[in-house]
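Below is one structure, written out as structure tokens, with a few remarks after it.
The values are calculated or read from the model by the stated rules, or taken from the named source; none is laboratory data. Predicted, not measured: the structure shown is a model, and the values here were computed from it. Cβ coordinates were reconstructed from backbone atoms using ideal geometry, including for glycine residues, and neighbour counts include every protein chain displayed. The area values use the complete protein model at the heavy-atom level, side chains included, leaving out ligands, DNA and RNA. Shrake-Rupley method; radii C 1.70, N 1.55, O 1.52, S 1.80 Å.
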Amino acid sequence: MQVIKIGGSLVSEILKNNDIINNFDLNGIIVHGGGNYINEFSKKFGMEQRFVTSPQGIRSRYTDKETLEFFIMVMAYINYKICHILENHGIKTVSISGINNRMAEASRKERLVIINERNRKMVIDGGYTGKINKINYDFLKNLVDSGYTPVVSPVAFSVESPLNVDADKMAANIAAALHAERLLIYTNVDGIYINGEKLSKTDIVSLKSMKIGNGMIQKVMAADIAVSSGVREVFIGNPGNIYQGTVVLNEL
């Protein structure tokens, strides 16, 4: 079994040109992002989006109550569009999020540490972002064993509210819980570059000691979750160059 995460930039390409899906290995559970589409829709509807940056350099969308509601709506739209495309390509799908049957349970981050405009650390309310604590193994395994391809949007369950969770980490936690062989993190770049050179294969300890570009930090964190939990390997790269990306192992 494998888990596939499709990044937001690729989601935009797929929805504009459905045939691109033929370039993807989609044999497994699919998790999608959609940040680009949220940005597009927010402009159309006149919604202001706020972004914050962590001390590690990770830039993310701040999710207040209004943003959460908008996020859920757009993610549902993306999810159904992807399912429609896959069904037209002969793939039997089930559209779900972490809400369904409590597939992904999370706890709300009560506080976030960010870097403010003065380049200083400050603490703000956590809003409605979450940290995944539990994956419903039986639910997902039953869907896969019944011949369906789950298509998962990155919305998690908590008792108080649905929560926005990072799609890379959603995919990594699912891969870890289901003891997947591989996690494929599809993105619009060919892999992880260090000093201008692409890594073809590395282990997670070595990778975490390297200076990683901000756009890849979340993916490295996801790779760590996966391989540290027994996933054999994590592929990070462009689906059109499946043999040219970066493979991350627990150890070489």
Practice problem: Filter segment 136-148 down to residues that are open to solvent by 20 Å² or more (accessible area, probe 1.4 Å) and in contact with a strand residue (DSSP E or B) (Cβ under 8 Å, 6 or more places away or on another chain) and give me whichever is farthest from residue 26 (Cα to Cα). | Solution: 136
Practice problem: Give me a count of the residues in segment 206-220 that are surrounded by fewer than 18 Cβ atoms within 10 Å (Cβ to Cβ) and either closer than 24 Å to residue 177 by Cβ or modelled with pLDDT of 95 or more (or both). | Solution: 2
Quiz item: With segment 1-98 as the region, which helices (runs of 4 or more DSSP H) entirely inside it contain at least 1 residues that are modelled with pLDDT of 95 or more and open to solvent by 80 Å² or more (accessible area, probe 1.4 Å)?
Solution: 65-88
Quiz prompt | Condition check for residue 231: touching a His at 6+ places or on another chain (Cβ under 8 Å), among the β-branched types (Val, Ile, Thr) and part of a loop (DSSP other than H, G, I, E, B) | solution = yes
Exercise. Evaluate segment 155-172: report whether one residue or more is out of contact with any Phe, Trp or Tyr (no Cβ under 7 Å at 6 or more places or on another chain), modelled with pLDDT of 95 or more, over 19 Å from residue 26 (Cα atoms) and open to solvent by 70 Å² or more (accessible area, probe 1.4 Å).
Key: yes
Quiz item: Among the residues of segment 184-226 satisfying the criterion of being out of contact with any helix residue (DSSP H, G or I) (no Cβ under 8 Å at 6 or more places or on another chain) and of a type in the set (Gly, Ala, Ser), which is farthest from residue 172 (Cα to Cα)?
Solution: 196
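Conditions tested, residue by residue: (1) touching a residue at least 60 places away in the same chain (Cβ under 8 Å); (2) closer than 16 Å to residue 222 by Cβ; (3) assigned to a loop (DSSP other than H, G, I, E, B); (4) not charged (D, E, K, R).
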site	(1), (2), (3), (4)
119	no, no, yes, yes
134	no, no, no, no
160	no, no, yes, no
168	yes, yes, no, no
171	yes, yes, no, yes
180	yes, yes, yes, yes
185	yes, yes, no, yes
189	no, yes, yes, yes
Quiz item: Quick one: which of 144, 151 is within 27 Å of residue 87 (Cβ to Cβ), of a type in the set (A, V, I, L, M, F, W, C), at pLDDT 95 or above and part of a strand (DSSP E or B)?
Solution: 151
Practice problem: Hey, can you tell me all the residues within segment 173-187 that are open to solvent by 20 Å² or more (accessible area, probe 1.4 Å) and either under 19 Å from residue 239 (Cα atoms) or among the basic types (Lys, Arg) (or both)? | Solution: 181, 182
